[in-house]
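Right, one structure below, let's go through it.
FYI, it's all coordinate maths here, none of it is from the lab. Computed from a predicted structure; not experimentally measured. Virtual Cβ from ideal backbone geometry, glycine too; neighbours counted across all protein chains shown.
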Amino acid sequence: MLNLNQLRCFWAVARAGGVHRASENLHLTPQTLSGQISKLEESLGIALFERKGRRLLLTEDGRLALSYAEEIFAASHELEEMLKQRPGQGRRRLLRVGIADVVPKSIAHSLLAPALREAETVRLVCREDKLTRLLADLAIHQLDMVIADAPHPPGLDVNCYSHLLGKSGIAFVASANIARELKKKGSFPANLTQAPLLLPGLDTALRGPLMRWLAAEDVHPAIVGEFDDSALMKDFGRAGAGVFPIPSAIAERLCQQYAVKEVGRTEALREQFFAITAERRLSDPLVQDIIEAARDRLFAD
C-alpha cells in the first residue's frame with residue numbers, strides 16, 4: 001500500500017525544487033523529509049531524484065510519480081472542499097468535462113453555458129487534453145463527459161458513446177484591413193487566392209476537408225500559419241496576420257469579440273461537435289441539459 005504521507009513529502013520537495021524550501025513550507029526538518037522520501041523510494045524500488053552538483057532533479061520515474069501525485073492531491077483538495085460545505089448551504093454538484101484540445105474555446109464555452117448558469121448548485125471542472133487521454137479518463141469515471149470535434153475513434157478500445165451536438169458551416173473572417181482588400185479583389189471564395197490564410201492544426205477534423213474544399217474551388221491562398229490552439233489562431237488573425245476559419249454558428253459573436261469582419265462563408269464545409277459519454281442512454285440531467293441546449297439553440301439552424 002502506498003504511503004500517502006511519504007508521497008506528500010516527495011510531492012512537496014518536487015514542487016518546491018529542493019528539500020530545504022519544502023521543509024519550511026511543511027514545517028518539518030530537512031532530515032525528516034529526506035528520510036520519508038528515502039523510505040518511499042525503497043518501497044517502490046526506484047529512484048525519484050538524482051543529484052547534479054547542488055541541484056536535486058527528478059528522474060524519469062520521478063516525473064511520472066509527480067504527475068500522479070498532482071492528481072491525487074488535487075482530488076484530495078476537491079473532496080475536502082466539497083465536504084467542508086455546511087449542510088444548510090447545500091452541496092454543489094461536481095461536473096467534470098474533458099475538452100479535446102482541438103475544440104475551439106469559444107465553442108466549448110457556448111456548449112457549457114447552461115451549466116455555468118447553474119453556478120449556485122454546480123461546480124464545473126474543465127480539463128483540456130488529447131482526445132485519447134480524455135477518453136481513457138472517461139472510461140474510469142474521472143470525467144462525466146468529453147467534448148470533441150469528432151466521434152469516438154472506432155479503433156480505440158474504450159467503451160463510450162458519441163452524441164452529436166450539431167453541425168456548423170464555416171465562416172472566413174479577417175481584420176478590417178484585410179477584409180477591405182479582399183472585397184476589392186472580387187467575390188468569395190475566389191478572392192482568397194494569394195490571400196494570407198491561417199489554418200487549424202493537422203489534428204483537427206476540419207483541416208483535411210478545408211484543404212480539399214480549397215482545391216475543389218481552385219482557390220490557392222498563401223498559407224502563413226498553422227495552429228493547434230484555435231485561440232492563438234484567432235489572436236494572430238485579429239492582429240492582421242491573415243484570414244482564418246471559424247464555425248458560422250458563433251461567427252457573429254466572435255466577430256464582435258475579436259473585432260474582425262466576415263469575408264464569406266460556406267455550407268459545403270461542415271464542422272461537427274460531439275458529447276462523448278460512458279453511457280448510451282443519458283441519465284445525468286446536467287449532461288442532458290448541455291446536449292439539449294446545444295441542439296435547440298447553438299446548432300438550431
Provide, in order from the shortest bin, the percent of all Cα-Cα pairs of region 109-151 in each 10 Å bin, continuing until the bin that contains the maximum pair distance.
24, 50, 25, 1
Calculate how many DSSP beta bridges within the chain are antiparallel, expressed in % of all such bridges and rounded to the nearest 5.
60
Whole-Å semi-axes of the chain's equivalent ellipsoid, largest first, each the root of 5 times a Cα gyration tensor eigenvalue?
45, 25, 18
Each residue of region 6-18 in turn: what ³J(HN,Hα) in whole Hz from Karplus with 6.51, -1.76, 1.60 and θ = phi - 60°, glycine and Pro shown as x?
5, 5, 5, 5, 4, 4, 5, 5, 5, 6, 7, x, x
Which residue fluctuates most in the GNM of the chain (Cα springs below 10 Å): Glu267, Glu128, Glu71?
Glu71
Considering only the other residues whose Cβ falls under 11 Å of the Cβ of Val173, what net charge follows from Lys and Arg at +1 and Asp and Glu at -1?
+2
Springs between alpha-carbon pairs under 10 angstrom, Gaussian network model over the chain: which of Asp144, Asp203, Asp101 fluctuates most?
Asp203
Where does helix 30-44 land angle-wise versus the long Cα axis of the chain, in degrees 0 to 90, nearest 10?
70
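Take every Cα-Cα pair in region 167-272 and report what % of them are more than 23 Å apart.
Across region 167-272, Cα pairs with separations above 23 Å total 14 percent.
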Relative exposure of Glu262, Glu292, judged by other C-beta atoms within 10 Å (fewest first)
Glu292, Glu262
Too long for a 29 Å Cα-Cα cut-off, among Lys130/Lys261; Lys52/Lys130; Lys130/Lys185; Lys167/Lys261; Lys39/Lys130; Lys130/Lys183, are Lys130/Lys261; Lys52/Lys130; Lys130/Lys185; Lys39/Lys130; Lys130/Lys183
What per residue convex hull volume, in Å³, do the alpha-carbon atoms of region 4-84 yield?
90
